[in-house]
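Report on the structure given below.
What follows draws every value from the coordinates through simple rules; no lab data is involved. Since the model is a prediction, treat every value here as computed from it, not as a measurement. Note that we place each Cβ from the backbone using ideal geometry, even for glycine, and neighbour counts take in every protein chain shown.
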Amino acid sequence: MGQIIPFETIGQMKQRQKESFGESNFPVYPPGDYTVLPVDVKLTTTSKQGIPQLQLSCEIIDGPNGNTESRGKKVTMWVLCKEGTSFLLNLCKACGVEKTDDQHLDTDDFVNRAFRVAVTIETWEGKDQNRFGRYRPALVNGGAPVQARV
């Protein structure tokens, strides 16, 4: 059980992503919008600067245009928790987690709360990697938000 603390700047986020992805061998998924379900969420820090971030280990529910080819596959993403950025607030909205400025959140608040995420591909140091952004609520049955998968 952990608390979410401050946010970070976009420049710091890009550097952290470069550091993380440059040292890892994550699968690269095709670009598009995916519905994902967080199955494990941890509060960690960036390796060099110690900036708080959420590490979301997610299961893919569906991919671009409802494609189920990636269903059940795993994806890991990090969301920075530094004041002045909207990454965490957008994730809260997408997951249906209520957040006020003076409220601490628990990592468990995000588990089993599906959301949509835009996936793109970028190349860094000659290696393709996914970027994740535009967190939005996962919708089913014509617009009802997905809160948990049974």
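Quick one: which residues, 5 or more positions from VAL119 or on another chain, have an amide H under 5 Å from its amide H? H modelled 1.01 Å from N in the peptide plane, none for Pro or chain starts. For VAL119, the qualifying residues are GLY32, ASP33, TYR34.
Near TRP124, the amide H atoms lying under 5 Å from its own belong to GLN129; only residues 5 or more places off or on other chains count, and H is placed 1.01 Å from N. When you count the other C-beta atoms within 10 angstrom of each residue and take the mean per peptide, 64-73, 31-40 line up highest first as 31-40, 64-73.
Each residue of the stretch 91-99 is assigned a 3J(HN,Hα), and the resulting list reads 5, 4, 4, 5, 8, x, 9, 6, 9 Hz, derived from the Karplus form 6.51 cos²θ - 1.76 cosθ + 1.60 (θ = phi - 60°), x at Gly and Pro. Among the listed pairs LYS48/LYS74; LYS42/LYS82; LYS48/LYS99; LYS48/LYS73; LYS48/LYS127; LYS42/LYS74, those with a Cα-Cα distance over 24 Å are LYS48/LYS74; LYS48/LYS99; LYS48/LYS73.
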